[in-house]
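Reading through the structure tokens given below for one structure.
The values are calculated or read from the model by the stated rules, or taken from the named source; none is laboratory data. Not measured: the values here are computed from a predicted model. Positions of Cβ are generated from backbone atoms using ideal geometry, with glycine treated the same way; all protein chains shown enter the neighbour counts. Heavy atoms of the whole protein, side chains included, go into the accessibility calculation; ligands, DNA and RNA do not. Shrake-Rupley method; radii C 1.70, N 1.55, O 1.52, S 1.80 Å.
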Amino acid sequence: MWAIALLNELGETILPATDTPGAKDADVGPFITQYVSDCYDDDQQALFREGLKDLRERTQVVYGTDFANLTDSQRRAFVDDLDQAAKIVAASAGEEAGPGDLHWFTMMKQLVIFAFFTSEVGGTEVLRYVQVPGRF
């Protein structure tokens, strides 16, 4: 359960609520954990688990507390640092990089965005959803 709460908090930092709903409104945590469990291979699941572990350890080392207890500005700064590290890893891996060559934060960002925009909240309140397109 801690992973779901952590993913919701991380997701809200990546896709915060503004004048539209954020990742926490879409409750992305359960979707992400289920998707990783059902659709990712063993190596990808290991990378995901290591990423969650790394996130928890880094926040303890840098801030002395859990990610959920950080202020919004601390969360943004922390996520920005992770994003920069992920970009460096991606740049060094080059165009031929496979999933195992990416930083775990890249996976987390992709999962948050995917979970949000495939949710009911993301699909109906953020995207321009038309249940039946065209004129009928």
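Of the residues F67, F31, the single one that is touching a Ser or Thr at 6+ places or on another chain (Cβ under 8 Å), at pLDDT 95 or above and not β-branched (V, I, T) is F31. Within the range 69-84, the set of residues being open to solvent by less than 60 Å² (accessible area, probe 1.4 Å) and within 12 Å of L55 (Cβ to Cβ) comprises L70, R75, F78, V79, L82. Quickly run through the range 109-129 and pick out the residues that are at pLDDT below 95, open to solvent by less than 80 Å² (accessible area, probe 1.4 Å) and aliphatic (A, V, I, L, M). Selection gives V121, V126. R56 meets the conditions (1) open to solvent by less than 90 Å² (accessible area, probe 1.4 Å); (2) touching a residue at least 40 places away in the same chain (Cβ under 8 Å); (3) not hydroxyl-bearing (S, T, Y) in every case but one. The failed one is (1). Condition check for D27 on (1) touching a helix residue (DSSP H, G or I) at 6+ places or on another chain (Cβ under 9 Å); (2) on the phi < 0 side of the Ramachandran plot; (3) open to solvent by less than 80 Å² (accessible area, probe 1.4 Å): one failure, at (2). Taking the range 23-53 as the range and being over 12 Å from the mean Cα position of the chain (by Cα), not aromatic (F, W, Y) and not in a helix (DSSP H, G or I) as the test, the residues that pass are D25, A26, D41.
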